[in-house]
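J.: I am attaching a structure below and will ask some questions about it afterwards.
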Amino acid sequence: MTSTHLKLAAVAIAFAATGLAATPAYAGTGCNGVVNIFVWGCAPWDNNNGPKYPYYKKRATAVQAPRGSKITIKDGHAMVNINGKEYPVVGGAASVVSAGGANVVSAGGGNVVAAGGLNLRVWVE
């Protein structure tokens with residue numbers, strides 16, 4: 001092999017290595033982290049995240065419901081109001097109200113969280 005052939009081979013290897021390098025997150029991650037070239041907007045170069053795109057999954061998190069937080073039922077879903085924002089409760093009303101209402105919701109409290117508050121698991125976006 002001549003030195004020209006070696007240089008060309010080195011250049012070809014360098015180009016191949018850059019093609020295999022990891023791409024940064026802003027270069028795209030498909031739809032909500034899933035790359036599927038057969039679904040519109042989910043190509044490797046897209047970065048479509050959020051509930052309006054395919055492959056969206058709700059995230060459940062624990063929040064501290066302060067004393068006096070109201071739990072209401074909207075369209076069949078239990079919602080807790082924390083600092084003016086409504087959060088859907090994971091598990092619905094069955095996970096909030098216990099038998100007798102003394103453990104989580106104060107008895108006769110009209111769906112108001114008992115003194116001291118509690119940790120609730122809610123869905124967030």
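J.: Tally the residues that are without any contact (Cβ under 8 Å) to a residue 40 or more places away in the chain and either closer than 30 Å to residue 30 by Cα or not small (Gly, Ala, Ser) (or both), restricting the search to region 46-81.
T.: In the first step, residues of region 46-81 are kept if they are without any contact (Cβ under 8 Å) to a residue 40 or more places away in the chain; the result is 46-49, 52-57, 72-79, 81.
Narrowing further to those that are either closer than 30 Å to residue 30 by Cα or not small (Gly, Ala, Ser) (or both): 46-49, 52-57, 72-75, 77, 79, 81.
Of the residues in that region, 17 qualify.
J.: Can you tell me how many residues within region 1-41 are modelled with pLDDT of 80 or more, open to solvent by 60 Å² or more (accessible area, probe 1.4 Å) and part of a loop (DSSP other than H, G, I, E, B)?
T.: Total meeting the criteria: 4.
J.: Another question, then. Please go through region 50-72 and pick out each residue that is over 30 Å from residue 34 (Cα atoms), assigned to a strand (DSSP E or B) and open to solvent by less than 100 Å² (accessible area, probe 1.4 Å).
T.: Selection gives 65, 71, 72.
J.: Which is under 23 Å from the mean Cα position of the chain (by Cα), under 26 Å from residue 121 (Cβ atoms) and at pLDDT 80 or above, of 96, 80? Give the derivation first.
T.: On the way: 96 fails: at pLDDT 80 or above.
Residue meeting the stated conditions: 80.
J.: Exactly one condition in (1) open to solvent by less than 50 Å² (accessible area, probe 1.4 Å); (2) modelled with pLDDT of 85 or more is false for residue 47; which is it?
T.: Only one criterion is unmet by residue 47, namely (1).
The values are calculated or read from the model by the stated rules, or taken from the named source; none is laboratory data. What you see is a predicted model, and the numbers here were worked out from it, not measured in a lab. Quick reminder, even Gly has a Cβ in these numbers, built from the backbone with ideal geometry, and neighbours come from all protein chains shown. All accessible areas refer to the heavy atoms of the entire protein, side chains included, with ligands and DNA or RNA removed. Shrake-Rupley method; radii C 1.70, N 1.55, O 1.52, S 1.80 Å.
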